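Working notes, beginning with the structure itself.
None of the figures in this text is laboratory data; all of them are computed from the coordinates on show. Note that the structure is predicted; figures quoted are calculated from it, not measured. FYI the Cβ positions are ideal-geometry reconstructions off the backbone, even for glycines, and counts take in every protein chain you see.
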Amino acid sequence: MTSGPFLDAKQKGSAAGRYFVTGETLREKLLDLREKTRGLDVSESRRRELLDGVSGFAGKALEKLQDGETAVYTGPEDNNNNNKNTDVKGLRSSPIQEEPVDLEHILDLYGTQIESRGLRAGHGGHMAYVPSNGVFPAALGDFLADTLNTYAGRTYESPGGVDMNCMLLEWMAELFGYPKGFHGNLTSGGSAATVIAMATARDSRKGLRARDYHRFVLKDTLVGMATEITY
């Protein structure tokens, strides 16, 4: 007797009925899912409408950073440069739901509850630390990557994507003055990068093992820009 998604559950008994479905039932479920996800596959005109709306909002937000009247920081209850009439519920006044929400409403919420409240890291008057403000051309690169979702983990899937990764690593190595024969990796974030750096420093010393961790001295720089490991 064979088993699988196309086997009638009755053939496997009541217990198996909880894990196996007939081919017809599976087809019905797939058709149902197709209908539910149609809203994510928008038309060209709708894509243009969404792009224009978001682009216009972003442009106005960037212009505000150049406005001398825009505050660097507004309190948690402030809105649009210290307007005290903000809804105290904030984003929670519009909970996550199954049905789509109008773009104008979304941008209004983002503008009043996120963009206009708290710290504007890209503001020219922000002196607390070296900010990491968004860069518009880089954002467009992220837009292409997120839209097309190209997998650049292996040459087989995307030879051009792998070449781009290698070019970025070579460029960064040149900026830091690394010698030929270096090795590198583009990580998903600082945590993974730190772990790789620590493992590399450990493995570069002969006879050094994880069990010797108590013999390490780990020193973080004050600005959090680098980690130095000495043995």
Give the distance, in whole Å, between the Cα centre of segment 92-116 and the Cα centre of segment 162-178. 40 Å
Using the count of nearby Cβ atoms within 10 Å as a rough guide to exposure, how do Phe57, Phe143 rank from fewest to most? Phe143, Phe57
Once Lys and Arg are counted +1 and Asp and Glu -1 for all other residues with Cβ under 11 Å from that of Lys64, the total becomes -2
Fewest-first sequence of Lys180, Lys64, Lys29 by Cβ atoms within 10 Å of each Cβ: Lys180, Lys29, Lys64
Going fewest to most other Cβ atoms within 10 Å around each Cβ, Leu169, Leu31, Leu26 line up as Leu31, Leu26, Leu169
